[in-house]
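Each value in this text was obtained by applying a stated rule to the coordinates, not by laboratory testing. Every value quoted in this text rests on a predicted model; they were computed, and no experiment measured them. Don't worry about glycine lacking a Cβ; one is built from the backbone with ideal geometry, like all the others, and counts go over all protein chains shown.
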């Protein structure tokens, strides 16, 4: 049985750790609220871009554009968004599993946003083509635009054939869902308007009246301008969702750690009291035995 001193020392160590986990939970909670606010404010702009592309693809035919065409190159580029720090439960490992389960190292370029993703994927043999780890500390739309421009340039040159993004979508403080989305090439099926939406109603009305949508400039030139903005906004939105998910996961992990520390402190306190009672009983027994020997 451990001595009273050892039990007391361990209990104090657990209490000290518990104070840290409580503080980390509070910090994660504040950051989560800020990140959720930014993610919500970004959605109207994204929805407008999505609806615009949906209407273009739905109301025009035979649009010939490089962003809509399959590329002969088999290389795939994957933007992998993780965190720079751990202590977030399965947040980072879930993204690494998602990427390793869907891609092969020999034909995949990793554009890493977050050091934990670099560490996990490097161990699995993946090539880290670019490191944007510092971006996730304070994501800006300009960061997303820079990444988008580089990828679109390589796609247009035929250096990569497909572009994907892997991130964690924030559902609530308990549920964060790993997501793998294809960015390019774009297909009309990806932009089918939801039944009952304003875009779907407008498209149906135009078809009934046999209307043709005219563009100035041409649909191809419109797509030239709007697809890069759409892609940059998806990347930026993924940044915001990932930051919210990271802090949600960390908040849950620190809450569980705090609860576990409570259980350990209770258990150690019980052991300490038993050891203390045992020591007192032993001292009383020795005193009584000594008194009996004298008498």
Item checked: Residue-averaged [θ]222 nm for the chain, counting only DSSP H segments that reach four residues, each worth -39500 (n - 2.57) -> -22000 deg cm²/dmol
Note to self: If you take every DSSP beta bridge fully contained in the chain, what fraction is antiparallel? Give it as a percent rounded to 5.
What the structure shows: 35
Margin query: At a threshold of 8 angstrom on Cα-Cα distance, excluding pairs fewer than six apart, so keeping six or more, what relative contact order does the chain reach in percent?
Written below: 33
Note to self: Helix 198-208 against the longest principal axis of the chain: what's the angle in degrees, Cα atoms only, rounded to the nearest 10?
What the structure shows: 20
Item checked: DSSP-defined beta bridges in the range 66-197 - what % are antiparallel, rounded to 5 -> 35
Next item on the list: List, largest first, the extents of the alpha carbons of the chain along their principal axes, each in whole Å.
Entry: 117, 42, 28
Check: Given a Förster radius of 30 Å and the C-beta distance between residue 274 and residue 27 as r, what FRET efficiency does 1/(1 + (r/R0)^6) yield to the nearest 0.05?
Finding: 0.20
Checklist line | Two-site FRET efficiency, residue 285 against residue 9, from Cβ-Cβ distance with R₀ of 35 Å, rounded to 0.05 | finding: 0.85
